[in-house]
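What follows is a short report on a single structure.
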Amino acid sequence: MFGKYKRKIIAGIIVLVAVLVVSVGIIAFLSKVHYKSRVAIDGKVFMVDIADTDYLLQKGLSGRSLIFNDKGMLFAFKKPDTYGFWMKDMLFAIDILWIDENLKIVYIEKAVSPQSYPKIFTPDQKSLYVLELAPGQSDILNIKIGDSVQIIKRYL
């Protein structure tokens, strides 16, 4: 009789562990999902991946082979701060734009090269977002500090 309860307890523990493993797997998967959005600066629209989890904020564009002129990555932080960026594991240059909570560009680094690693590029003002674009886009489009940014509809 005691053996019957022991088997039920063990079966219950196995089910509980399985549920926990699946739950952790789902959470880990979702933390790596790239959401898409569009960002507009002075009428020019960029399709961007959103980096808003610890994993995506750390990974960024590293490991990708290139970025097109109409694409980018938008880093969305939880609170304004002076977030530093480096070019670890990057394979191409980028323009980096820091954007404050009022959606104004507060700092720009242009055509930052992978060879600059391990240098860290840090703005002189706090930002809530950072936008990475193809190199030269800020010059081509005459993007400058003080320009307004629109974040348009976030979706998967």
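The values are calculated or read from the model by the stated rules, or taken from the named source; none is laboratory data. Please read all numbers here as calculations on a predicted model, not as lab measurements. Positions of Cβ are backbone-derived with ideal geometry, glycine not excepted, and every protein chain shown enters the neighbour counts. Ligands, DNA and RNA are excluded from the accessible area calculation, which covers all protein heavy atoms including side chains. Shrake-Rupley method; radii C 1.70, N 1.55, O 1.52, S 1.80 Å.
I'd like to know if segment 90-99 contains one or more residues that are among the aromatic types (Phe, Trp, Tyr), under 17 Å from Ile50 (Cα atoms) and touching a helix residue (DSSP H, G or I) at 6+ places or on another chain (Cβ under 7 Å).
No, because not a single residue in segment 90-99 is among the aromatic types (Phe, Trp, Tyr), under 17 Å from Ile50 (Cα atoms) and touching a helix residue (DSSP H, G or I) at 6+ places or on another chain (Cβ under 7 Å).
Every residue in segment 59-86 that is basic (Lys, Arg) and over 9 Å from the mean Cα position of the chain (by Cα), please.
Residues satisfying the conditions are Arg64, Lys71, Lys78, Lys79.
Return yes or no: is Gly43 of a type outside the set (Ser, Thr, Tyr), at pLDDT below 90 and under 19 Å from Asp139 (Cα atoms)?
Criteria met by Gly43.
Does any residue of segment 49-65 turn out to be loosely packed, with under 13 Cβ neighbours inside 10 Å, touching a Leu at 6+ places or on another chain (Cβ under 9 Å) and closer than 20 Å to Ser138 by Cα?
no
Would you say Lys36 is modelled with pLDDT of 90 or more, open to solvent by 40 Å² or more (accessible area, probe 1.4 Å) and not aliphatic (A, V, I, L, M)?
No, not satisfied.
Among the residues of segment 112-142, what is the count of those that are surrounded by fewer than 21 Cβ atoms within 10 Å (Cβ to Cβ) and within 23 Å of Ser37 (Cα to Cα)?
Residues flagged as surrounded by fewer than 21 Cβ atoms within 10 Å (Cβ to Cβ) and within 23 Å of Ser37 (Cα to Cα) within segment 112-142 amount to 9.
Report yes if Ile152 is of a type outside the set (Lys, Arg), closer than 18 Å to Lys36 by Cα and in contact with a Lys or Arg (Cβ under 8 Å, 6 or more places away or on another chain), otherwise no.
yes
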